[in-house]
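For reference, the structure is listed below as structure tokens.
The values are calculated or read from the model by the stated rules, or taken from the named source; none is laboratory data. Fair warning: this is a prediction, and the values are worked out from it, not measured in the lab. Counting neighbours? That spans all protein chains shown, and the Cβs are built from the backbone with ideal geometry, glycine included. Protein only, heavy atoms only, side chains kept; ligands, DNA and RNA dropped before computing areas. Shrake-Rupley method; radii C 1.70, N 1.55, O 1.52, S 1.80 Å.
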Amino acid sequence: QVQLVESGGGLVQAGGSLRLSCAASGRIFSINAMAWYRQAPGKQRELVASFTNSGGTNYVDSVKGRFTISRDNAKNTKYLYLQMNSLKPEDTAVYYCNAEGSGSYSLRYYWGQGTQVTVSS
């Protein structure tokens, strides 16, 4: 199993910045990829930022140029970050950390509990 814990959400005015963090523990050696998703009220969960297999990054069009995904590794923990600048009210959502892991017979997908980001106008 992999455990994901997000932190760093909060209330910020439009134009402000927040940095989200995600700590992955447990069977981190099984993790193939990690990404950030978000879900706004009444909307479907969407992929916000991820890494490509070659180590590049992908962003949903609405956050390009404003958000930056990064990662770091420690001995028993993987870290995922999302630096969010020039925040807009439409960025208001619950942000989730996601990890794809290799199971014995299939891929497994893990989710954190989510962290609320609220951007006021």
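With unit charges on the beta carbon (Lys/Arg positive, Asp/Glu negative), name the residue among Y105, S121, L80 whose Cα is farthest towards the positive pole of the charge dipole of the chain.
The Cα lying farthest towards the positive end belongs to Y105.
Rank these by accessible area, largest first, 1.4 Å probe: M34, M84.
M34, M84
Give the relative contact order (percent, whole number) for the chain; include only Cα pairs under 8 Å separated by 6+ residues.
Once divided by the residue count of the chain, the mean separation gives 36 percent.
Evaluate the Kirkwood expression for the hydrodynamic radius of region 21-94, namely the inverse of the mean inverse distance over all pairs of different C-alpha atoms, and round to one decimal in Å.
The answer is 13.4 Å.
Given 0.36 nm per residue, what is the gain on full extension from T57 to N32 after removing their alpha carbon distance, in nm?
7.5 nm
Suppose all protein chains stay in the model; what accessible area per residue would a 1.4 Å probe give for region 18-95, in Å²?
Ligands and nucleic acids excluded, the figure is 55 Å² per residue.
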